[in-house]
1. Ranking Cys98, Cys27 by Cβ neighbours within 10 Å, fewest first, what do you get?
2. What residue among Phe71, His14, Ile61 has its Cα farthest toward the positive end of the dipole of region 1-101, where the charges are +1 on Lys, Arg and -1 on Asp, Glu, each on the Cβ?
3. From largest to smallest, what semi-axes in whole angstrom does region 159-201 give when each is the square root of 5 times an eigenvalue of its alpha carbon gyration tensor?
4. How many angstrom lie between the C-alpha centres of region 15-38 and region 151-201?
5. Can you give the relative contact order of the chain as a percent, counting alpha carbon pairs under 8 Å and 6+ residues apart?
6. Given a Förster distance of 22 angstrom, what is the FRET efficiency for Ser39 paired with Gln73, based on the Cβ-Cβ distance and rounded to 0.05?
7. If I histogram all Cα-Cα distances within region 104-201 using bins 10 Å wide from 0, what percent of pairs lands in each bin?
8. Expressed as an acute angle from 0 to 90° and rounded to the nearest 10, what is the orientation of the C-alpha long axis of helix 23-38 relative to the principal long axis of the chain?
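Here, each number is a calculation from the coordinates, and none is a lab measurement. Everything numeric here is computed off the predicted structure, so don't read it as measured data. Neighbour counts are summed over all protein chains in view; Cβ atoms, including those assigned to glycine, are modelled from backbone coordinates with ideal geometry.
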Amino acid sequence: YAIHHNKQSVTLVHKGNIMKYTEGAFCEWGYQLAKEEFSEQVISEETFWDESAGMAREKVIIKDRIADAMFQQILLRPEEYDVIATSNLNGDYLSDACAAQIGGLGMAPGANMSHHVALFEATHGTAPKYTNMDKVNPCSLILSGVMMLDYMGWEEAHKMIVDAMQETIKQKKVTYDLERQMEGATKMSTSGFAEAIISNM
């Protein structure tokens, strides 16, 4: 993914300092996989700074962080972490922390990928208590669809939707969860927000 999308780094997040045989093994496996399958395209963070003096910019940097320290890093320096590979539990925590920085779970898309099949879904689940209320933020679901379009190679459709969504949010036409975080915003229903996105396409 990082190579295909021209990302600068992949970070293995783990608690291997305490859980050596599980999360420690995950970290070791990540480095081993990178070395065995992508040796020409990746470089470890240690090698990057020690041997190349930070000059190998064309390669993807593989690094690792302890999970609790990563929470601080993702809040203070998120731009340093392009792709994160971690276990399910750490991933749940970190993805919610990341979502909080961009408005909440209503803005966070989700994907489950293997070598042959990919499933895209909203990260917040079905949220049945909001059924028929026409109030929730549809961005998580829409952006999950956008990820699917990207996965399928439909770049023009992907870009059109993202650009229209960004323009709608810039216009401060948003659902209640974002409206309460933005000064001077107009609160929209789910359907009204979707119509505003369509009108900006």
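1. Cys98, Cys27
2. My answer, from the dipole projection, is Phe71.
3. Whole-Å semi-axes of the equivalent ellipsoid: 17, 11, 7.
4. One Cα centre to the other: 39 Å.
5. 16
6. Once the sixth-power term is evaluated, E becomes 0.25.
7. Per 10 Å bin, starting at 0, the Cα pair percentages come out as 16, 45, 31, 7, 0.
8. Once rounded, the angle reads 80 degrees.
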